[in-house]
1. Once neighbouring chains are kept in place and the probe is 1.4 Å, which whole percent of the accessible area of the chain is contributed by carbon and sulfur?
2. Quote the accessible area belonging to E19 in square angstrom, nearest 10, computed with a 1.4 Å probe and with ligands, DNA and RNA left uncounted.
3. For region 14-115, what relative contact order do you get, as a whole percent, if you take Cα pairs closer than 8 Å and at least 6 residues apart?
4. Taking only the C-alpha atoms, wrap a convex hull around region 9-51 and report its volume per residue in Å³ as a whole number.
5. Keeping all protein chains in place, calculate the accessible area per residue for the chain (probe 1.4 angstrom), answer in Å².
6. Considering region 37-115, what Rg and Dmax in Å follow from its alpha-carbon atoms?
7. Which residues does the label zone of Q31 cover in region 87-102, counting backbone N under 19 Å from a point 7 Å along Cα→Cβ?
8. Where Rh denotes the Kirkwood radius from the mean inverse Cα pair distance, what is Rg over Rh for region 7-83?
Amino acid sequence: MSEYSLQVPLDASGIDDYEPGRPVKVVVKTQDGELHSQIVELDDKGRGAAKFAFEKKPGSAIVMAGPENASDYEMEGLRTLRVNVSSRQWTANALKLRPIIITPYYWRWWMIWCR
């Protein structure tokens, strides 16, 4: 049973030519180097969330959002959106981050990557 959970909201609603059906990959790299990933299907408005469960407190972590067809390891070297999570943010067993805003620049770059 998982004791800790992390919710990573995504928001691509500011993209004028947004088309539903393009998933986004979210990868969490914990302080011990473990990679956890999920593919997130965004809704018609460009919103969605990844939810991760951990058996132990993950401590500091890096959260990356990027093209859905990149491997977990490729995500570290790509132009991804990143959020640093400090170990101090884990004041409870559940942590919900602020939404990661996907800008048109990244959205278009990821489309090129997917081709």
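1. Numbers: 3180 of 6720 Å².
Result for the chain: 47 percent of the exposed heavy-atom area is carbon or sulfur.
2. We get 120 Å² for E19.
3. On the way: 152 pairs, mean separation 27.9, N = 102.
Rounded, it is 27 percent for region 14-115.
4. On the way: hull volume 3.0 nm³, N = 43.
Measuring per residue, one finds 70 Å³ for the Cα hull of region 9-51.
5. Details: 6720 Å² over 115 residues.
Per residue, the chain has an accessible area of 58 Å².
6. 13.6, 41
7. 87-97
8. Values: Rg = 12.7 Å, Rh = 13.0 Å.
Radius of gyration relative to Kirkwood radius: 0.98.
The values are calculated or read from the model by the stated rules, or taken from the named source; none is laboratory data. The model shown is predicted, which means the values in this text are computed figures rather than measured ones. We place every Cβ from the backbone using ideal geometry, glycine too, and count neighbours over all the protein chains shown. Surface areas here come from the heavy atoms of the whole protein model, side chains and all, with no ligands, DNA or RNA. Shrake-Rupley method; radii C 1.70, N 1.55, O 1.52, S 1.80 Å.
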